[in-house]
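Some notes on the structure that comes next.
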Amino acid sequence: MTNTRIGVSGGGLVSLRKIKKRKDIFETCFIILMLAYPLLHFAVFWGVVNFNSIVRTFQRYVAIENGVVVNKWVFAGLQNFRNAWNSFSTADGKRIIINSIGYMIVSNFISLPLAIISSYFLFKKMPLAKVFRVIFFLPSIIPIVVLATVYRFQFDSQIGPISSIFRLFGASPPNWFGLYPNSQYMIYLYCIWAGLGYNVLLLSGAIGRLPEELFEYSKLEGTPLMREMFGIVIPLIWPTITTTFLLGLTSVFGVMLQPMMIKQGDPMVFTIALRIYNSVGAANEAARPEIIAYGLLLSVLALPVILLVRFIMERIYSDVEF
Amino acid sequence: MENTVIKLKNVKIKRGKSQAVAMWIVFVIFVIYSVSLVFPFVWMFLNSFKPSTEFFQGNIWGLPQTWRFANYSEIFLGKPVVTESGSTIITTVSGKLFGNTFKYSIFHMFIVSIALTFLCTLSNIFFSATSAYVVSKYKFAGRQALYALAIFLMIVPIAGTLPEQYQLMKTFGLTDSFFGVFLLSSAGFGMNFFLMYGFFKNISWTYAEAARVDGAGHAKVFFKIMLPFAMPAIISLAVIYAIGIWNDYTTPSIYMKSMPTLAYGLFVIRGTLEARGLYTQTFAAMIIALVPILAVFIAFSNTIMENTVAGGLKG
């Protein structure tokens, strides 16, 4: 119909262009309206915050100059980065880094392999598989305050059931959360206990989406369970494993609440994130640039590692469409 | 082809005994792990009904001899608890309400948490939907960049920016404000953007084209056709996001100290109660905090679990 109008008169062509132009304007307006707030939010709370953070790392705070209160920020070159770098080699700095890396090791080299094995067996029509899935998922939805409290009470030297079991056998229970590094190991144990179920759920879901025929053929061939797991299942769910592994890597920077809830206030179990969190709102303005430099420096150091691990893991098994 | 599959399914091939043994060993491990997850809550639940004296006199394992329901009412309503030594413990958290000093009981924290969870979820899901819809369905300059940005934000951790975020909020006068937390959560390019992008991408554009031919505008297509299509997925995302907001300790502990949510207030109350040896009341507080989350889980368990599995992960 439109073509007919074009053919009939030049005026029709003009009106078609007008309609098209009007449509484009409406579409553009719609796109702008839909994206306006999300982009503004992103620009302010990500863009400005990150920009300010970077600028701040090159500044230092001067409260008094020549006996006069000035309260101003001045250029400091790379001094904050130097200070942050030097803080890595102090006893506290080393411990914070080690504690934080520990979460990555626990997450990727203990929790993840356990989750892979568990999810495979859950998938293999194990009795009560559905019940297990629900129970395993529970820690993911329970507030961490509650979960951490429950965990701590289990090991309480006076009333805790686990300590009571020790006493039942005539042994005195150790001071589980007392001294470092025991307290740190107990927090790692908490992370495995509370975090395993979530990974199991993610991975068993990934296994559940594999074509059933694969397992039927494997069964026909009489493939042993272990070979089926390492030869078929793991290669096929590798993208999920890769993502979970990468998220585990980022736990170096993210873990904060676990040590805070279990050993509140104990600097021995501080992590990178907890150190940064504790600095928020601190009255000492002068310390802010260094803590930001500390975080940014660690992020810059970690980025190539994350990208390299991703690069390597993506090449271990090729992505298969099914 | 289907017949072949059916035939294969009917073939029974027994795997070795060792494999059955392996399966049972793993089963036992699962049972132990499950018990370790469930038992502490049952233990805490039973002990939450005991008077402190009974608990400290050694009845740690058994059923309560005296059922003290007041543990719950005291904690929930913020009534003062009298210890054995006769001292009175306040079970509220001091804060502010409309500029005036206010003592928040767990009941009040519930209300704050419900309001915050509802508004934050609504805003985040809505703005994630608007941005995801436009980026997935419209062709315009920079749309690939926006998608890449969402992936970048998800993968790359940037540590150390929290102090500057706090300063920015301070500049806006939002460091102790309900609205500040609401504003922070109303982002449109977070994890939910990424997931919704996938939902909208999979919805056929033919419906929109048909509606456009019938004279529907872009907004009408979005609100009347695309949103209803994506609604089941959006609801599941909303439930998962809401649980995250409900449980969030960090943000309220920084930006809403004077108006404690349940997650933050519970941490403060726990400290007070434990320090005075009021363990049974501590247990009651923990159980109270669990009730709403368990109710949501029971109501939406399938939705939550299936979509957590989906969770944007391909495998």
Could you check A:Ile272 against (1) within 22 Å of the chain's Cα centre (by Cα); (2) over 23 Å from A:Asn182 (Cα atoms); (3) surrounded by 18 or more Cβ atoms within 10 Å (Cβ to Cβ) and say which number it fails?
(2)
If I filter region B:203-216 for residues that are touching a residue at least 24 places away in the same chain (Cβ under 8 Å) and not aromatic (Phe, Trp, Tyr), do I get at least one hit?
yes
Picking from A:Leu214, A:Leu203, A:Leu210, which residue would you name as being in a loop (DSSP other than H, G, I, E, B) and over 28 Å from A:Thr90 (Cα atoms)?
A:Leu210
Let me spell it out: the conditions are (1) surrounded by 20 or more Cβ atoms within 10 Å (Cβ to Cβ); (2) at pLDDT 90 or above, and B:Asn307 meets all of them except one. Which number is the exception?
(2)
Exactly one of B:Phe118, B:Phe127 is of a type outside the set (S, T, N, Q), in contact with a Pro (Cβ under 7 Å, 6 or more places away or on another chain), assigned by TED's automatic domain parsing to the domain that holds B:Arg276 and closer than 30 Å to A:Ile31 by Cβ, and that residue is B:Phe127
Please find, within region A:234-267, the residue that is farthest from the chain's Cα centre (by Cα) out of those that are at the interface with chain B (Cβ under 10 Å from one of its Cβ atoms) and within 30 Å of B:Ala20 (Cβ to Cβ).
A:Leu236
If you go through B:Ala233, B:Ala263, B:Ala289, the only one that is assigned to a helix (DSSP H, G or I) and more than 8 Å from chain A (Cβ to nearest Cβ) is B:Ala233
From the list A:Gly77, A:Gly47, pick out the single residue that is at positive phi and loosely packed, with under 14 Cβ neighbours inside 10 Å.
A:Gly77
Considering each residue of region A:101-131, count those that are without any contact (Cβ under 8 Å) to a residue 24 or more places away in the chain and assigned to a helix (DSSP H, G or I), and give that number.
7
For region B:8-126, give me every one of the helices (runs of 4 or more DSSP H) that falls completely inside it and has 2 or more residues that are in contact (Cβ under 8 Å) with a residue 12 or more places away in the chain and under 23 Å from A:Ile144 (Cβ atoms).
B:17-47, B:70-77
Are any residues in region B:245-260 at the interface with another protein chain (Cβ under 7 Å from one of its Cβ atoms) and not polar (S, T, N, Q), and if so, which ones?
B:Tyr249, B:Ile254
Here are some conditions: (1) part of a helix (DSSP H, G or I); (2) over 20 Å from B:Leu97 (Cβ atoms); (3) more than 8 Å from chain A (Cβ to nearest Cβ). B:Gly277 meets all but one. Which one does it not meet?
(1)
Quick one: would you say A:Tyr185 is under 17 Å from A:Val269 (Cα atoms) and crowded, with 21+ Cβ neighbours inside 10 Å?
no
Kindly list the number of the only condition in (1) of a type in the set (A, V, I, L, M, F, W, C); (2) outside any helix (DSSP H, G or I); (3) crowded, with 21+ Cβ neighbours inside 10 Å that fails for B:Ala216.
(3)
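Table: residues versus (1) touching a Leu at 6+ places or on another chain (Cβ under 6 Å); (2) buried (at least 21 other Cβ atoms within 10 Å of the Cβ); (3) under 28 Å from B:Leu77 (Cβ atoms).
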| residue | (1), (2), (3) |
| --- | --- |
| B:Pro228 | no, no, no |
| B:Met231 | no, no, no |
| B:Gly244 | no, no, yes |
| B:Leu262 | no, yes, yes |
| B:Phe267 | no, yes, yes |
| B:Ala275 | no, no, yes |
Please work out if A:Ile135 is within 8 Å of another protein chain (Cβ to nearest Cβ), touching a residue at least 24 places away in the same chain (Cβ under 8 Å), touching a helix residue (DSSP H, G or I) at 6+ places or on another chain (Cβ under 6 Å) and surrounded by 15 or more Cβ atoms within 10 Å (Cβ to Cβ).
yes
All but one of (1) within 10 Å of chain A (Cβ to nearest Cβ); (2) surrounded by fewer than 23 Cβ atoms within 10 Å (Cβ to Cβ) hold for B:Ile125, so report the exception by its number.
(1)
If you check A:Ala293, A:Ala282, which single one turns out to be of a type in the set (A, V, I, L, M, F, W, C) and either modelled with pLDDT under 90 or surrounded by fewer than 22 Cβ atoms within 10 Å (Cβ to Cβ) (or both)?
A:Ala282
Which residues, taken from region B:164-180, are in a helix (DSSP H, G or I) and among the β-branched types (Val, Ile, Thr)?
B:Thr171
Quick test of your reading of the structure: A:Gly231 fulfils all but one of (1) crowded, with 20+ Cβ neighbours inside 10 Å; (2) away from every other protein chain (no Cβ under 11 Å). Name the failing condition by number.
(1)
More than 30 Å from A:Arg133 (Cα to Cα) and either at pLDDT 90 or above or in contact with a Lys or Arg (Cβ under 9 Å, 6 or more places away or on another chain) (or both): does that describe B:Met259?
yes
Restricting to region A:47-79, give me the number of residues that are touching a Lys or Arg at 6+ places or on another chain (Cβ under 8 Å) and in a helix (DSSP H, G or I).
2
Evaluate the following for B:Thr171: is it modelled with pLDDT of 90 or more and either exposed (fewer than 13 other Cβ atoms within 10 Å of the Cβ) or more than 28 Å from A:Cys29 (Cβ to Cβ) (or both)?
yes
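Here's the yes/no breakdown for (1) within 9 Å of chain B (Cβ to nearest Cβ); (2) modelled with pLDDT of 90 or more; (3) within 18 Å of B:Thr282 (Cβ to Cβ):
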{"site": "A:Pro173", "(1), (2), (3)": "no, no, no"}
{"site": "A:Tyr185", "(1), (2), (3)": "no, yes, no"}
{"site": "A:Leu189", "(1), (2), (3)": "no, yes, no"}
{"site": "A:Trp193", "(1), (2), (3)": "yes, yes, no"}
{"site": "A:Gly197", "(1), (2), (3)": "yes, no, no"}
With (1) modelled with pLDDT under 90; (2) over 19 Å from the mean Cα position of the chain (by Cα); (3) closer than 30 Å to A:Ala84 by Cα as the list, and B:Met154 as the residue in question, which single condition is left unmet?
(2)
Being more than 7 Å from chain B (Cβ to nearest Cβ) and at pLDDT below 85 is the filter; apply it to region A:216-227 and report the residue that is surrounded by the most Cβ atoms within 10 Å (Cβ to Cβ).
A:Ser218
Which of (1) under 30 Å from B:Ala285 (Cα atoms); (2) at the interface with chain B (Cβ under 8 Å from one of its Cβ atoms); (3) in contact (Cβ under 8 Å) with a residue 40 or more places away in the chain does A:Ser204 not meet, given it meets every other one?
(1)
Test for B:Tyr138: is it farther than 29 Å from B:Leu174 by Cβ, free of Cβ contacts under 8 Å to residues at least 60 places away in the same chain, assigned by TED's automatic domain parsing to the domain that holds B:Gly188 and buried (at least 17 other Cβ atoms within 10 Å of the Cβ)
no
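The values are calculated or read from the model by the stated rules, or taken from the named source; none is laboratory data. Every value quoted in this text rests on a predicted model; they were computed, and no experiment measured them. All Cβ positions, glycine included, derive from the backbone under ideal geometry; neighbour counts span all protein chains shown.
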